[in-house]
Each structure stands twice: as C-alpha cells, then as structure tokens.
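Report on one structure; see the data block that follows.
The values are calculated or read from the model by the stated rules, or taken from the named source; none is laboratory data. Given the structure is predicted, the values throughout are model-derived calculations rather than measurements. Cβ placement follows ideal geometry from the backbone for every residue including glycine, while neighbour counts extend to all protein chains displayed.
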Amino acid sequence: MGILNATPDSFSDGGAYADALGDRVLKMVAEGASIIDIGGESTRPNADFVPVEEEWSRVAPALEAAGESAAVVSIDTRKAEVARRALNAGARIFNDVSALTFDEGSMAVAGDFVEAGGAVCLMHALGDPKTMQQDPQYDDVLQDVYDYLQSRVETCEGAGIPRTSLIVDPGIGFGKTLQHNLTLLRGLSRFHTIGCPVLLGASRKGFIGTLSGEKDAAKRAPGSIAIALHGTQQGAQIIRVHDVRETAQALAVDTALRGEV
C-alpha cells in the first residue's frame, strides 16, 4: 500500500507532491504498489482537525489521478462524507484511523463500500491526533489493542458488515510509546486470530527515529524496511509504506529467501 499524502502538514512529506499527484500515483504503481492510500487530513501527533470541504478539496484530485491507474484506491479518512464521496469517485477501501467511531455516519458508509465490493480497515488509536501522545497508558497493550479491534469487528458484524470484508490495523504510533510499539510489533501475528487481514503501517514513524537516531523522517527508509520485513514474516498481508520501490525490492528478496518463489 503506497501512501499518497494530499496534505500540507504530513509528518513525513507534507506538501511534497501537491502539484504532481498523478505522477506520484503512476510512480508508486510502477514501483510495486497494488493499493494507493489517499489522505487529506494529517493524523500525526498534535495535528489539527480539517473540515470536510477542505479535506475533500485536497483528496479529490488525487482520487482522480489514482482512478486512472491499475491500483486499488483507498481513502484514509475519519469522516463519513469524505468517504462517501471517495466511494463515488472509485475508492474501494475505507481506511479509518478511528475504526468508524469518529463520525456516526461512518458505519453506514462502510456498508456501502462493502456493497460495492470493497473493504473497510479498522485501526486502533488511543484518543485523537491532538492528544494521543500525551502519556498513553495500557494495562497490557497487546491484549488491550487486540480486544478493541475484536470488539470493533463484532460491532461491524452486528451492523451487517461481514468479517471477510474487514481489515485490522494495530495503529503503530497512534497513542503508543516506544515500548508499546515494539510490543505490538513483536506480537503482530496474534492479530490474525481475529480472522481478518492485518495491515501494518509504521513507515517513517517517530519511533524509528528514536531507535536509529535519524531525525529526518524522509531518511527513515532503512528502518521502515526492517519493520516491513518483520511484518511480512509475522504474516501481515498489507504493508503501508512511503518508500514503495525500496520496500518492494526488499520484500521480493525476502520472499525468495524463504522459499516462496
């Protein structure tokens, strides 16, 4: 899953591709991305809320560009109206960092995605972007995140959305300390018992900088690749990344080394 930030304030590449979204989409697909995840509201720590119309004005050109590619299009949003418009524009994955809890209309829109043959990704986050890194606490982070995602899957099933159309994401970096992130990564395979594909999104995140000493998020590809390799070895089916070419190359070699080619 290639990340396309249509935002001016993303932590890793804010505004870098605003004037060349189409070129960026085509480049990521050529490099090996089978899904393009488009977001118009930064969810980095301390990020501000973005109104619907402003968010839509950011993602609409990106959706148009991605729709002309061979990739599956994913919309990364917490807002039902943005997701609904994205669905009409061709998106087939509703990737919600709030697991459909932020907007009361999101569950219905999620059902529309599934009816259109798409899928919904439920992510765990502790609090919202503005507050999530203010001393996050858990009794047992692996169990607590697992229980939350299991509960959200069950809620979706109760609303008529089948488990087979859901994806789960433990939300690395969303209301987690360094140790929380490492515990979740080490125990990632546990999430398979929920019965949904697992998405891992850790590309360029702050804890990689903490571990490596690299302050520039754009220079964290090596650490991000290490996590991608770990994730696939733990069975994660979707790896959300900024550095598509480098990650795809590493995964291709790793797959061959494990005798899967």
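A few comments on the model shown:
- Looking only at residues in region 23-41 that are under 10 Å from Ala6 (Cβ atoms) and of a type outside the set (Lys, Arg), the one that is surrounded by the most Cβ atoms within 10 Å (Cβ to Cβ) is Ile38.
- Of everything in region 200-229 that is in a helix (DSSP H, G or I) and touching a residue at least 40 places away in the same chain (Cβ under 8 Å), the residue that is surrounded by the fewest Cβ atoms within 10 Å (Cβ to Cβ) is Ala218.
- Residue pairs meeting the criteria (Cβ under 6 Å; at least 6 apart or on separate chains; first free of Cβ contacts under 8 Å to residues at least 40 places away in the same chain, in region 86-115; second outside any loop (DSSP other than H, G, I, E, B) and of a type in the set (Lys, Arg)): Val109/Arg84
- Filtered residues of region 27-50 (kept if of a type outside the set (Gly, Ala, Ser), more than 20 Å from Gly118 (Cα to Cα) and in contact with a helix residue (DSSP H, G or I) (Cβ under 9 Å, 6 or more places away or on another chain)): Lys27, Met28, Glu31, Glu41, Arg44, Pro45, Val50
- Evaluated against (1) touching a residue at least 12 places away in the same chain (Cβ under 8 Å); (2) part of a helix (DSSP H, G or I), Glu53 falls short on exactly one condition, (1).
- First in region 148-176 and in a loop (DSSP other than H, G, I, E, B), second anywhere and among the charged types (D, E, K, R), Cβ under 6 Å, 6 or more apart: Gly173/Lys205
- Single condition Glu68 does not satisfy, out of (1) modelled with pLDDT under 95; (2) surrounded by 24 or more Cβ atoms within 10 Å (Cβ to Cβ): (2)
- Filter result for Ile238 (closer than 24 Å to Gly32 by Cα and in contact with a Cys (Cβ under 9 Å, 6 or more places away or on another chain)): yes
- Matching residues in region 172-187 - criterion: being over 16 Å from Gly235 (Cα atoms) and among the small types (Gly, Ala, Ser): Gly173, Gly175
- In the set (1) at pLDDT 95 or above; (2) closer than 17 Å to Gly173 by Cβ; (3) not charged (D, E, K, R), Ala217 fails one condition alone, (1).
- Candidate set from region 172-199 (those that are more than 16 Å from the chain's Cα centre (by Cα) and under 19 Å from Arg152 (Cα atoms)); member that is surrounded by the most Cβ atoms within 10 Å (Cβ to Cβ): Ile194
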